[in-house]
1. Determine, yes or no, whether Val315 is open to solvent by less than 10 Å² (accessible area, probe 1.4 Å) and either in contact (Cβ under 8 Å) with a residue 12 or more places away in the chain or under 18 Å from Lys279 (Cα atoms) (or both).
2. Give me a count of the residues in the range 102-125 that are within 21 Å of Val50 (Cα to Cα) and open to solvent by less than 50 Å² (accessible area, probe 1.4 Å).
3. Condition (residue is touching a Pro at 6+ places or on another chain (Cβ under 8 Å) and aromatic (Phe, Trp, Tyr)) applied to the range 136-148: is it met by at least one residue?
4. Every residue in the range 66-80 that is open to solvent by less than 70 Å² (accessible area, probe 1.4 Å) and closer than 18 Å to Leu29 by Cβ, please.
5. Tally the residues that are touching a residue at least 12 places away in the same chain (Cβ under 8 Å) and either over 28 Å from the mean Cα position of the chain (by Cα) or open to solvent by 10 Å² or more (accessible area, probe 1.4 Å) (or both), restricting the search to the range 328-344.
6. Could we say that Ala267 is open to solvent by 20 Å² or more (accessible area, probe 1.4 Å) and closer than 18 Å to Cys311 by Cα here?
7. Might you check whether a residue that is touching a helix residue (DSSP H, G or I) at 6+ places or on another chain (Cβ under 7 Å), surrounded by fewer than 15 Cβ atoms within 10 Å (Cβ to Cβ) and over 26 Å from Pro128 (Cα atoms) occurs anywhere in the range 16-23?
8. For Glu33, work out the one condition from (1) under 23 Å from Lys88 (Cα atoms); (2) of a type outside the set (A, V, I, L, M); (3) more than 33 Å from the chain's Cα centre (by Cα); (4) open to solvent by less than 40 Å² (accessible area, probe 1.4 Å) it doesn't fulfil.
Amino acid sequence: MRSDELFTEIKFVIENFGEPLTELFEETLVLAEQHAADVTALKIIFNSLVTIAKCFYSLNYQDLPEFFEDNMSRWFPRFLPLLKLQNKLLYTDDSEEVGLLEMLKSQVCENVALYAQKYDEEFAPFLPGFVETVWELLLSTSQEVKYDLLVSNAIKFLTSVAERPQYAELFSNEDTLKNICEKVLVPNMKLRESDVELFEDNPFQYIRADVEGSDAETRRRSASDFVRALCKVKEQSISTIFSNYLGNLIGEYTKDPANKWMDKEAAIYIVISLAVKTKTEKHGATTANSFINLSDFYQNQIKGELTNPNCHPIVRSAAIKYIMTFRSTLPREITVSTIPLLAQLIGEKNIVVHSYAASAIEKIMIIKLPNFAALSLLRWHPVLSLFSQTSFPHFLLRVALKTST
């Protein structure tokens, strides 16, 4: 929300600081070239560039100031080569330690995403060059954790572009969409070892990231948002392209469930990303992609994982999340039939699995939609005995209180 008081303050700052900041940016880039072989100097210089780029974002976030509109040609042609810059002296050996070069590239991506989203008309002359460069950046960046924020912000930029109707033609070509799906989306929607470690070592943090939305800066969430943006442009094409990858992922899992369980989890995650068109906290997905058969996917790929004794806990958690997400859009009889299956899982030792199961039942039983009328605990007395065998009596009380209102 725009604040006139804040904008007045920003205007005052820019009037006094805009030109010095721009000159500092230009001069610091010159210093970076002059000291390209001096690691000590480079660390100081690039730390300064990161700070300058963050200042640019902050000063432009609320509205487009006249100064920066008039001086875009001094900023964006200099931002562009920074995304292509390579210097081994600025790399880190640790796979999780983010280096200054990654920080700077990430902030540049955030800056251009801001302009693509909010000031697209003014940014239009610079956009094609950034789309091409960010695409190349994504293709050349590895899966190491230290690149996560960079990849996330790079994908967010492409998402901002895809969401604008005037740029729809950039994503209308079938070959372009296939490349995006194969080389950017699918790789970044798969779990990595770091995700598995989080699931095992810090399940509560995993839950916060996966269900409660604290994963806004992750590759997976950014890739998921990009899928939804592309579906607004070419829903049928994207659905068709992904159906091929889904078939491959599920096929690999079917052949070797013990070792290929990540493929099954990725397939479920992709379907959720593809199928959700609109959603609310109360009802989950409220409208879904008409090219995805949610019922068939549940019957063929989800239901069995709820009872399969050899199912990996992460796959089982993903299956429960599928039910939570589509509890209002799946046929009523399917949603209701999941309650006994989920109730059995509340006794699971795995924290994520039993937490998801409890949450899913709660969300189902408080649905207040026409096709779920009169759904209450009173109608489910045969299921109640299942809850009495668990260590979650407080859960039953909470649901009872909510369904009685």
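1. yes
2. Going through the range 102-125 one residue at a time, the tally reaches 13.
3. No, that holds for no residue.
4. Once the filter is applied, which keeps residues that are open to solvent by less than 70 Å² (accessible area, probe 1.4 Å) and closer than 18 Å to Leu29 by Cβ, the range 66-80 yields Phe68, Asn71, Met72, Arg74, Trp75, Phe76, Pro77, Phe79, Leu80.
5. Count: 11.
6. Taking the combined requirement at face value, the residue does not satisfy it.
7. For the range 16-23, residues touching a helix residue (DSSP H, G or I) at 6+ places or on another chain (Cβ under 7 Å), surrounded by fewer than 15 Cβ atoms within 10 Å (Cβ to Cβ) and over 26 Å from Pro128 (Cα atoms): absent.
8. (4)
The values are calculated or read from the model by the stated rules, or taken from the named source; none is laboratory data. All figures in this text were calculated on a predicted structure; none of them were measured in a lab. When we count neighbours, we look across all protein chains shown, and the Cβ atoms used for this are built from the backbone with ideal geometry, even at glycine. Remember, those area values only see protein heavy atoms, side chains included, never the ligands or the DNA or RNA. Shrake-Rupley method; radii C 1.70, N 1.55, O 1.52, S 1.80 Å.
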